[in-house]
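A short write-up of the structure that comes next.
The values are calculated or read from the model by the stated rules, or taken from the named source; none is laboratory data. These numbers come from a predicted model, not from an experiment. Neighbour counts run over all protein chains shown; Cβ positions are idealised from the backbone, glycine included. With ligands, DNA and RNA removed, areas are computed over all heavy atoms of the protein, side chains included. Shrake-Rupley method; radii C 1.70, N 1.55, O 1.52, S 1.80 Å.
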Number of protein chains: 4
Amino acid sequence: MIKIAMLGSGFIGRFYADSLQGYRSRDKIVSIYSRREESARKFAEDYGVAHWTTEMEEAIARPEVDIVCISLPNNLHEAAVMLCCKHKKAVMTTKPLGRNATEAKRMLEAVEAAGIFNGYLEDLVYTPKFLKAMGSVQSGALGRILWAKSRETHPGPHSDWFWDLEQAGGGCILDLGCHCVEIARSYIGKDIKPVEVMCWADTQVKPIEAEDHAIGLVKYENGAIGQFEVSWTFRGGLDLRDEVMGTEGTIWINNFLRTGMEMFTTGKGADYVAEKAESNTGWLFPVGDELNELGYNHMFMDMFDALEAGRAPKETFYDGYVVNAVLDAAYRSAKSKLWEPVQLEVWRGQEGLSKPSQYTEWDADHYLVKEEMTHYGARKLILKHKVSGEFLQKVLD
Amino acid sequence: MIKIAMLGSGFIGRFYADSLQGYRSRDKIVSIYSRREESARKFAEDYGVAHWTTEMEEAIARPEVDIVCISLPNNLHEAAVMLCCKHKKAVMTTKPLGRNATEAKRMLEAVEAAGIFNGYLEDLVYTPKFLKAMGSVQSGALGRILWAKSRETHPGPHSDWFWDLEQAGGGCILDLGCHCVEIARSYIGKDIKPVEVMCWADTQVKPIEAEDHAIGLVKYENGAIGQFEVSWTFRGGLDLRDEVMGTEGTIWINNFLRTGMEMFTTGKGADYVAEKAESNTGWLFPVGDELNELGYNHMFMDMFDALEAGRAPKETFYDGYVVNAVLDAAYRSAKSKLWEPVQLEVWRGQEGLSKPSQYTEWDADHYLVKEEMTHYGARKLILKHKVSGEFLQKVLD
Amino acid sequence: MIKIAMLGSGFIGRFYADSLQGYRSRDKIVSIYSRREESARKFAEDYGVAHWTTEMEEAIARPEVDIVCISLPNNLHEAAVMLCCKHKKAVMTTKPLGRNATEAKRMLEAVEAAGIFNGYLEDLVYTPKFLKAMGSVQSGALGRILWAKSRETHPGPHSDWFWDLEQAGGGCILDLGCHCVEIARSYIGKDIKPVEVMCWADTQVKPIEAEDHAIGLVKYENGAIGQFEVSWTFRGGLDLRDEVMGTEGTIWINNFLRTGMEMFTTGKGADYVAEKAESNTGWLFPVGDELNELGYNHMFMDMFDALEAGRAPKETFYDGYVVNAVLDAAYRSAKSKLWEPVQLEVWRGQEGLSKPSQYTEWDADHYLVKEEMTHYGARKLILKHKVSGEFLQKVLD
Amino acid sequence: MIKIAMLGSGFIGRFYADSLQGYRSRDKIVSIYSRREESARKFAEDYGVAHWTTEMEEAIARPEVDIVCISLPNNLHEAAVMLCCKHKKAVMTTKPLGRNATEAKRMLEAVEAAGIFNGYLEDLVYTPKFLKAMGSVQSGALGRILWAKSRETHPGPHSDWFWDLEQAGGGCILDLGCHCVEIARSYIGKDIKPVEVMCWADTQVKPIEAEDHAIGLVKYENGAIGQFEVSWTFRGGLDLRDEVMGTEGTIWINNFLRTGMEMFTTGKGADYVAEKAESNTGWLFPVGDELNELGYNHMFMDMFDALEAGRAPKETFYDGYVVNAVLDAAYRSAKSKLWEPVQLEVWRGQEGLSKPSQYTEWDADHYLVKEEMTHYGARKLILKHKVSGEFLQKVLD
């Protein structure tokens, strides 16, 4: 059994608690810190937590605590992490790690200097579909990965602090883009260096300073492209989709709005409210088991198995730092309108890669450009002459 | 922690073990019985089980065992249950409970006489989608339930004994129909009596005595209709879908082949084999987390929570008996070509219901037949005169 | 150019007119008959029809008319057909042909005695998807057809006469089942004799004498099974799906509610009304080109090409008669609760077929029951000994 | 009846001919020009064309020709258009109009100077789904349009000349991006000025000089964003999807790979070849009526109705020119890595727009940021104080 101190009692803290203490789990939250006493008490009551406090350090320092789980607004992550370092407590932090790479790097360096376990709670690289897809990618079923896109859009976050640029550190790029960047990076290869970013961002609808819609491209050293599409202005629920293209295959994942469950209701029968839906009548698309589908279960399993085994989890502060560095470049790009370099003072992956060019040979004189099946069942080839560069088509019987 | 004796080391036993000892579970298999020593040893090794045996009673009788999990061929369920009764061990049995209602009734009576915990492992009424859908149905979002269909078809079971009429007790009706009947019965209401069954069954393709394709209708006392479609001749993978119609809504669930994950692969890149798919190239539709999607996790959670709390689980031997009684009627109907009564010597639900007829009144003289929106945006009504029975249409602005 | 007299100016007459005079068609409605002068005038105006009348025979008899299109309530088909015979006018009739097979047979005999062109307007065997699927079935891509299901359910018809048993001749079985029966019959083979029918029908919701929900099975002489599911009580729009199972493949068609177009709207922006949808906010699923998707265009193309070529169209009164005979058996079965024989006094297809039993041989001693790919990539076989009947499993590397 | 001279007998010429002479059309190809005599003869034979030639001008100049249809490689469009001007023949040209805006502008000026009818054959803004979606957008169902994406990717074009940079003028940006740009521009408003473009392009896989993968953003004067995703390296068939986001709604269109028809085949039964699919076994997703679904029918209907009515069609050379200008900016951007201005020497839409900022007022002191339904059925608001800029959340019962 692992004993957890939870910092933060809001929406995400409760989601985490549901997963941590859910399906016959061995693990237990033993202390809850919230800035507001009322929230701390309520959380303690709802989740059967023995100790609550409005003093952060008190929760962290308790001797029975094995690991601290940070579910606080972005601007409070660093202070919380530093206290974990001080008390040498294992720590895991909700996403994004920092409001920017400078904060993230300080946290990374601090936990490593303190020698404590550090986990980065990027749940969307732990969803069952992602894990299955990743297995296929790693087995080579898609060939060389060319492009990986992740899209997360919805009508905006649930809590007030997200909308405040100071507390949040950014808008939908930071809030949602952190997911998308780590998803694409994972498909392309976490040891492949992200080199530059082009990003468009705008505040199209909401009365806020931060961006409410953004699209970005992340170029990797091996020529692969990551793409993120994020928005707080989407209408229709939570759109959470990934797409991957490789030389030998394709993967499409729909994590939320179309997962094989469809319901129509006139609304006459009941006040039923579908979670995260924007309406409660007509066609609705509930997700069966949200905690599992969003990756929380498999994420905490990895964290605790790693903690017990004395190894690093799949996602660490280092990953959180890389993500922050990519997002920083995105913010700079949105302003400068240029491709901005990703500034990675710490980089632990491969260096010096270039784009592979592996042409398929047809015969001694020609490359194969394309092979297809015609309407009438014959094989048709497009070939390119190696020397002249001329293209020709050829139909085989 | 709950300690389990597992009887049977085949395909389903391994599936159960993956779930039982999976996601940070507190529970542990402590003894494995298999008819073949080699299988018992292998299972013990793979799942870290301390004790293995080829003597069934030895596994059951061990003092540390809290509950026995029966994952044996259908013809061995009864003997195993009787041993559990003898040793007063809690027991849970894979589906179907018996090869027929006579066997099932003997098992039901035995466990109740012995006063032991009894669970019926009908995983498909524990899938996350089913649980969510059931919540909507119970909240009234679909109004009065009129029809509930469940379809399970695939290219045939994995093990030899399924194909042998003596060991299995039946073909796809027993193997797959047991799921479908309990699903439909749950949506319609487990306290509503199934009264008669019409079933078509045939051996269309396979060289077997049992049926490889069947379709059945189950009439309930309140006029609702359950429907099952089962086959071992389906091509394309595992088709597992439910549909429910109510007076105020509709639910469609796709549990397997279309759950929001799609992959295309040329097959050049790797020897990737998609589980339960019929091919490993082209478009494939993997399920992210099969154990969770098929209900195993939530099923065992209910079983163990119930065992610990000293209450009955959601699915008991009584439910298994009702399902067997419905399937017996289906088999009789397939032969007699008549609607056959469901013979329920034990019935613990409501009695004497009749079909409700609740017409909607439009005004003092008319019933409302239908209300619709026309192409040009007006409300159009179809009304029926209460006395003359004449129909008229009326367009409101 | 073909010149048409249209009988009937209601919902279906207008749908037909939209298709007949639609996409750069060469064909023209030259006379419109309606029982009500107001409707006739309005139709003539809307579609630029030169002549209108409230006398049916007047429309039919006009010399410029090449073909008569009957879009009248079911109880008026026969009289209209007889007038076409009298005036030796080519005729095409909306579905169902008659209210029962007796009417249908009289119409069939009359048009054949008169030697006039006769077309049966079963649009759903002319939808683009059906035509494509039928091509695959005929090319053998699905192997031997085992089962073909068609489902049509919606919240009830648009016009008052449909709800009146006397005028309509039946409820949703006649209104919707006629489509489903001809679809399944086409996949199975129009020369394969339908031999018996089992049908459940009930009036579950609506204040009417006719059935508002029914499910039926149609057994064909070669052992194949057709299935229809029809209802006027479905909530959620127009559900129009077909499924076909063959020994080598599967086809699933969704004609209406899920065709690749999805829209979410808050409804704030406009009074947009989606056609046939049950709501105008939330998630909506419009069909792009309803006339084409529902088969009207390809149906009239076949009718007119056939008329010009002096050949019979794909669907004739004979087909309409067969469908009526199957539905008559369904109605008898719903009352008798027995499998009722299809009484076909006129039958022009094959006779004396029996169910094929083509087992696959594995070796001299065994039949192949099933071949599958295991999780670990090996081929696994289920075999049956030809003499002993025993089953065994075998794993190949 | 309209009489057409067809220039070009390749893949696209045949597609056009199938549509032009398809479903009971009144229109007829009366002359076919091909560079190769064999192709011209074959086309004439297949489509019943009275006259064939290998002299382009001969086909154009024939007196019976009402309109010339250009289906030639991109580098031959301009010469063909000039001959139409010379002979004062109405002309319609396949997409893209030119290899670049300079060519396109010359063509535009020439046809306008000659006073001839000119149509731009952008079929994808005539698909049934696009037309339906456009109706919804224009009715306001989506509110203010914020973003419109179009994606077209497949495994590469069918004919050799596409792969040759000189003949084609570009790679997938020109070949596929022209569709995407006009689709997004239509949703956003054809009178809204595209102002600048950011584009990433690369040759990731194919042995060609042109790009085989590109992603671009097009900024419009009113702040809306168009996006195109194009590739010749996609595996899995033809991926053709559009997405539109507005302040009040969302539209998703899938034109090809998921349109409600699904087929599984083992391939044992037949040599069936699914069109444009990359395999002929396993799960396949045919489109019912390709000509209609891809917009050809509605496109030619608009062209000919316009020609007969003496009005301009929906898509003219002017539109083709605007598209070319946007694509030129994309090519410049892919090289310069900068947002490149769209150079529109001819612009006939609105000028001087700026991004609207219409905040929703909650009360005198606050703007409404977001309103949502909580899990427990209450309304929750996020508000922003107009003066202090502070955010607060508020739960209403």
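A few notes on this one:
- A:Ala277 vs. criteria modelled with pLDDT under 95, within 12 Å of another protein chain (Cβ to nearest Cβ) and within 29 Å of A:Ala214 (Cβ to Cβ): yes
- Test result for A:Leu97, open to solvent by less than 10 Å² (accessible area, probe 1.4 Å) and either modelled with pLDDT of 95 or more or under 30 Å from B:Pro128 (Cα atoms) (or both): yes
- Test: D:Phe234 is touching a residue at least 40 places away in the same chain (Cβ under 8 Å), within 7 Å of another protein chain (Cβ to nearest Cβ) and either farther than 23 Å from D:Asp175 by Cα or among the aromatic types (Phe, Trp, Tyr) (or both): yes
Residue-wise test of (1) modelled with pLDDT of 95 or more; (2) under 24 Å from the mean Cα position of the chain (by Cα); (3) on the phi > 0 side of the Ramachandran plot.
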| position | (1), (2), (3) |
| --- | --- |
| B:Ala5 | yes, yes, no |
| B:Phe11 | no, yes, no |
| B:Tyr16 | yes, yes, no |
| B:Arg41 | yes, no, no |
| B:Glu45 | yes, no, no |
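- Among (1) within 29 Å of A:Ile145 (Cα to Cα); (2) over 15 Å from the mean Cα position of the chain (by Cα); (3) within 8 Å of chain D (Cβ to nearest Cβ) - the single one A:Asp164 does not satisfy: (1)
- If the condition is being free of Cβ contacts under 8 Å to residues at least 40 places away in the same chain and in a helix (DSSP H, G or I), then the stretch D:39-63 contributes D:Ser39, D:Ala40, D:Arg41, D:Lys42, D:Phe43, D:Ala44, D:Glu45, D:Asp46, D:Tyr47, D:Glu57, D:Glu58, D:Ala61.
- Cβ pairs under 6 Å, 6+ apart, first in the stretch B:337-354 and more than 22 Å from B:Glu109 (Cα to Cα), second among the hydroxyl-bearing types (Ser, Thr, Tyr): B:Glu340/B:Ser333
- Considering residues of the stretch D:180-210 that are open to solvent by 20 Å² or more (accessible area, probe 1.4 Å) and touching a helix residue (DSSP H, G or I) at 6+ places or on another chain (Cβ under 6 Å) only, the residue nearest to A:Lys384 (Cα to Cα): D:Glu209
- Considered as a group, the residues in the stretch A:111-121 that are part of a helix (DSSP H, G or I) and closer than 21 Å to A:Ala309 by Cβ include one that is least open to solvent (accessible area, probe 1.4 Å), and that residue is A:Val111.
- Members of the stretch A:372-397 that are more than 18 Å from D:His158 (Cα to Cα) and part of a strand (DSSP E or B): none
- Failed criterion for D:Val68 (all others in (1) within 24 Å of C:Met1 (Cβ to Cβ); (2) crowded, with 20+ Cβ neighbours inside 10 Å hold): (1)
- Test for B:Thr316: is it of a type in the set (Ser, Thr, Tyr) and either open to solvent by less than 10 Å² (accessible area, probe 1.4 Å) or within 11 Å of chain A (Cβ to nearest Cβ) (or both): no
- Filter result for the condition that a residue is open to solvent by less than 10 Å² (accessible area, probe 1.4 Å) and over 14 Å from A:Ser150 (Cβ atoms), over A:Gly236, A:Gly169: A:Gly236
- Residues located in the stretch D:95-119, provided they are within 14 Å of D:Pro313 (Cα to Cα) and either of a type in the set (Gly, Ala, Ser) or in contact with a Leu (Cβ under 6 Å, 6 or more places away or on another chain) (or both): D:Phe117, D:Gly119
- Inside the stretch B:247-269, residues that are more than 7 Å from every other protein chain (Cβ to nearest Cβ), among the small types (Gly, Ala, Ser) and within 19 Å of A:Met263 (Cβ to Cβ) make up a count of 0.
- Residue, modelled with the lowest pLDDT, within the stretch D:347-371, restricted to residues that are surrounded by 15 or more Cβ atoms within 10 Å (Cβ to Cβ) and in a strand (DSSP E or B): D:Glu371
- Boolean, C:Thr265 is more than 17 Å from the chain's Cα centre (by Cα) and either open to solvent by 10 Å² or more (accessible area, probe 1.4 Å) or modelled with pLDDT of 95 or more (or both): no
- Residue check for C:Leu344: among the hydrophobic types (A, V, I, L, M, F, W, C) and in a loop (DSSP other than H, G, I, E, B): yes
- Looking only at the stretch B:340-368, and only at residues there that are in contact with a helix residue (DSSP H, G or I) (Cβ under 6 Å, 6 or more places away or on another chain) and among the aliphatic types (A, V, I, L, M), the one that is farthest from the other protein chains (Cβ to nearest Cβ): B:Leu344
- Leading residue by the ranking (farthest from the other protein chains (Cβ to nearest Cβ)) among those in the stretch D:189-204 that are in contact with a strand residue (DSSP E or B) (Cβ under 9 Å, 6 or more places away or on another chain) and part of a loop (DSSP other than H, G, I, E, B): D:Lys193
- If you filter the stretch B:122-148 down to residues that are not aliphatic (A, V, I, L, M) and not in a helix (DSSP H, G or I), you find that the one that is farthest from the other protein chains (Cβ to nearest Cβ) is B:Glu122.
- Boolean, B:Ala104 is touching a residue at least 40 places away in the same chain (Cβ under 8 Å), small (Gly, Ala, Ser), in a helix (DSSP H, G or I) and closer than 29 Å to B:Gln343 by Cβ: yes
- Positions within the stretch C:282-299 being more than 9 Å from chain D (Cβ to nearest Cβ), assigned to a loop (DSSP other than H, G, I, E, B) and either touching a strand residue (DSSP E or B) at 6+ places or on another chain (Cβ under 7 Å) or modelled with pLDDT under 90 (or both), in sequence order: C:Phe285
- In the stretch D:1-12, residue most open to solvent (accessible area, probe 1.4 Å) [restricted to those that are closer than 24 Å to C:Lys28 by Cβ and not in a strand (DSSP E or B)]: D:Met1
- Qualifying residues in the stretch D:73-92 (those that are touching a residue at least 60 places away in the same chain (Cβ under 8 Å) and touching a Lys or Arg at 6+ places or on another chain (Cβ under 7 Å)) - the one most open to solvent (accessible area, probe 1.4 Å): D:Asn75
- For the stretch A:13-45, the set of residues classified as open to solvent by 50 Å² or more (accessible area, probe 1.4 Å) and either of a type in the set (A, V, I, L, M, F, W, C) or under 19 Å from A:Asn297 (Cβ atoms) (or both) consists of A:Arg14, A:Asp18, A:Gln21, A:Arg26, A:Lys28, listed by residue number.
- Test: C:Arg241 is under 30 Å from D:Trp252 (Cα atoms), at the interface with another protein chain (Cβ under 7 Å from one of its Cβ atoms), surrounded by fewer than 22 Cβ atoms within 10 Å (Cβ to Cβ) and charged (D, E, K, R): no
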